[in-house]
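What follows is one structure encoded as structure tokens, with my remarks underneath.
The values are calculated or read from the model by the stated rules, or taken from the named source; none is laboratory data. Model, not experiment: these values are computed from the prediction. Quick reminder, even Gly has a Cβ in these numbers, built from the backbone with ideal geometry, and neighbours come from all protein chains shown.
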Amino acid sequence: MEFKNISVIGAGLMGHGIAQIFAVKGCSVTLMDVKEDILSKALDNIRSNLALMSEHGIGPEEGIGPALQRIKTTQSLEEASEGAQFVVEAVNENLELKQNIFKKLDALCPRETILATNTSVISITQIAQSAENRDRIVGTHFWNPPYLIPLVEVVKGRDTSLDTMEQTFGLLKETGKHPVRVNKDVPGFVGNRLQHALWREAVSIVEHGIADPSTVDECIKFGFGLRLPHLGPMENMDMVGTDLTLAIHDYILKYLESSPEPSPLLRKLVEEGKLGFKTGRGFQEWPEQKAQQSRKSLQEYLLRITKG
Ligand SMILES: NC(=O)c1ccc[n+]([C@@H]2O[C@H](COP(=O)([O-])OP(=O)(O)OC[C@H]3O[C@@H](n4cnc5c(N)ncnc54)[C@H](O)[C@@H]3O)[C@@H](O)[C@H]2O)c1
């Protein structure tokens with residue numbers, strides 16, 4: 001692998017998982033966070049992720065120890081920048097914080113180092129704004145949990161060079177991820193635009209009394225959702241015919257939700273403190289045990305499909 005020294009800035013939910021991916025593939029990883037307790041928690045989490053993966057037969061062949069030993073932790077951005085060939089930023093989703101970090105990384109890192117941000121929705125171009133060498137700044141949008149979900153959207157900011165795009169794409173492919181190129185820096189990139197188009201319609205169906213929340217989910221889980229891992233919408237439209245798709249769109253699109261604002265039902269739930277799993281109630285009831293079971297079965301499912 002051409003990239004041997006990787007740094008990850010921010011060791012929270014995403015950062016520790018991203019560090020794990022590179023360490024398992026043999027890279028030396030420097031994991032940086034401003035909080036000492038988060039750093040030690042990150043190492044514990046990586047250890048237990050790898051143990052669980054090993055139980056399912058998809059852990060590192062060399063065992064857990066060597067991968068863990070390749071991860072060094074620090075609270076210093078200077079230390080994390082030293083000798084890093086590829087840096088992934090995974091700090092909180094805050095534009096000013098990210099701009100500040102990229103300005104500093106750009107000043108500290110060797111000129112050829114690639115600087116990537118794991119932002120979910122913020123413009124890569126804006127994040128790069130305060131840095132001088134913006135051609136080396138790129139989006140790498142990993143999905144949670146990053147060590148089990150293969151997709152990484154590699155997002156071209158306005159000033160990202162094609163060389164940065166290609167090197168990033170190549171590195172992610174080498175680490176066993178499934179990178180895709182996003183050619184324009186638009187809010188939500190590709191994955192979240194698709195996901196939230198579906199969620200907006202799902203909420204609208206419930207809000208208008210067309211079906212209850214569990215029915216909406218059943219329509220996906222027992223219906224077209226079964227096809228999705230094998231047949232994306234673009235392939236599906238060709239399969240049924242663009243003529244049939246046109247006829248359907250001609251009739252149905254005017255009836256679909258098109259509000260540019262979040263749903264009033266969603267706002268009401270939040271105002272009433274019905275925040276989902278974390279408060280025991282959202283669109284549906286979530287007693288602690290049911291919420292735990294749901295998290296566990298998702299994890300088991302992801303481990304099973306990763307195993308293949
Ligand atoms: N949570 C998800 O499902 C998900 C999915 C894809 C992308 N993302 C994106 O990944 C990024 C991180 O999200 P997360 O869920 O891991 O957040 P998190 O809150 O779990 O972790 C953020 C970490 O950044 C650290 N931090 C804050 N300021 C810092 C600084 N100046 N230097 C170093 N570390 C600093 C915090 O201490 C914290 O540990 C965000 O941009 C988020 O939008 C999140």
Original post:
residue 171: under 25 Å from residue 43 (Cα atoms), away from the ligand (no atom under 13 Å from the Cβ), in a strand (DSSP E or B) and among the hydrophobic types (A, V, I, L, M, F, W, C), yes or no?
Top reply: no
**OP:** Kindly establish whether residue 162 is touching a helix residue (DSSP H, G or I) at 6+ places or on another chain (Cβ under 7 Å), among the aliphatic types (A, V, I, L, M) and surrounded by fewer than 17 Cβ atoms within 10 Å (Cβ to Cβ).
**Re:** no
**OP:** Please find, within the stretch 1-14, the residue that is farthest from the ligand (Cβ to nearest atom) out of those that are farther than 13 Å from residue 72 by Cβ and in contact with a Phe, Trp or Tyr (Cβ under 7 Å, 6 or more places away or on another chain).
**Re:** 3
Original post:
Can you list the helices (runs of 4 or more DSSP H) found entirely within the stretch 38-121 that contain at least 1 residues being free of Cβ contacts under 8 Å to residues at least 24 places away in the same chain?
Top reply: 64-69, 95-108
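Residue by residue, here is whether (1) at pLDDT below 95; (2) surrounded by 16 or more Cβ atoms within 10 Å (Cβ to Cβ); (3) more than 21 Å from the chain's Cα centre (by Cα); (4) near the ligand (Cβ under 10 Å from one of its atoms) holds:
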| residue | (1), (2), (3), (4) |
| --- | --- |
| 16 | no, yes, no, yes |
| 30 | no, yes, no, no |
| 35 | no, no, yes, yes |
| 48 | no, no, no, no |
| 51 | no, no, yes, no |
Original post:
Which of the residues spanning the stretch 80-119 are among the polar types (S, T, N, Q), buried (at least 16 other Cβ atoms within 10 Å of the Cβ) and within 11 Å of the ligand (Cβ to nearest atom)?
Top reply: 117, 118, 119
**OP:** Among the residues of the stretch 278-291, write down those that are out of contact with any Phe, Trp or Tyr (no Cβ under 9 Å at 6 or more places or on another chain) and either in the same structural domain as residue 213 (by TED's automatic domain parsing) or of a type in the set (S, T, N, Q) (or both).
**Re:** 284, 289
**OP:** Kindly list, by first and then second residue, each pair from a residue in the stretch 286-297 that is at pLDDT 95 or above to a residue that is of a type in the set (Val, Ile, Thr) and in a helix (DSSP H, G or I), limited to pairs with Cβ atoms under 9 Å and residues at least 6 apart or on different chains.
**Re:** 286/279
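Hey, any hits in the stretch 278-285 for a residue that's in contact (Cβ under 8 Å) with a residue 12 or more places away in the chain and polar (S, T, N, Q)? Let's see the steps before the verdict.
To start, the set of residues in the stretch 278-285 that are in contact (Cβ under 8 Å) with a residue 12 or more places away in the chain comprises 282-284.
Filter once more, so that each one left must be polar (S, T, N, Q): 284.
Within the stretch 278-285, one or more residues are in contact (Cβ under 8 Å) with a residue 12 or more places away in the chain and polar (S, T, N, Q).
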Original post:
So is residue 261 touching an Asp or Glu at 6+ places or on another chain (Cβ under 6 Å) and more than 30 Å from residue 61 (Cβ to Cβ) or not?
Top reply: no
**OP:** Output the residue which, of all residues in the stretch 122-158 that are in contact with a Ser or Thr (Cβ under 7 Å, 6 or more places away or on another chain) and assigned to a loop (DSSP other than H, G, I, E, B), is nearest to residue 302 (Cα to Cα).
**Re:** 148
Subject >> Hits in the stretch 125-149 - residues which are touching a residue at least 60 places away in the same chain (Cβ under 8 Å) and touching a Phe, Trp or Tyr at 6+ places or on another chain (Cβ under 9 Å) >> reply: 149
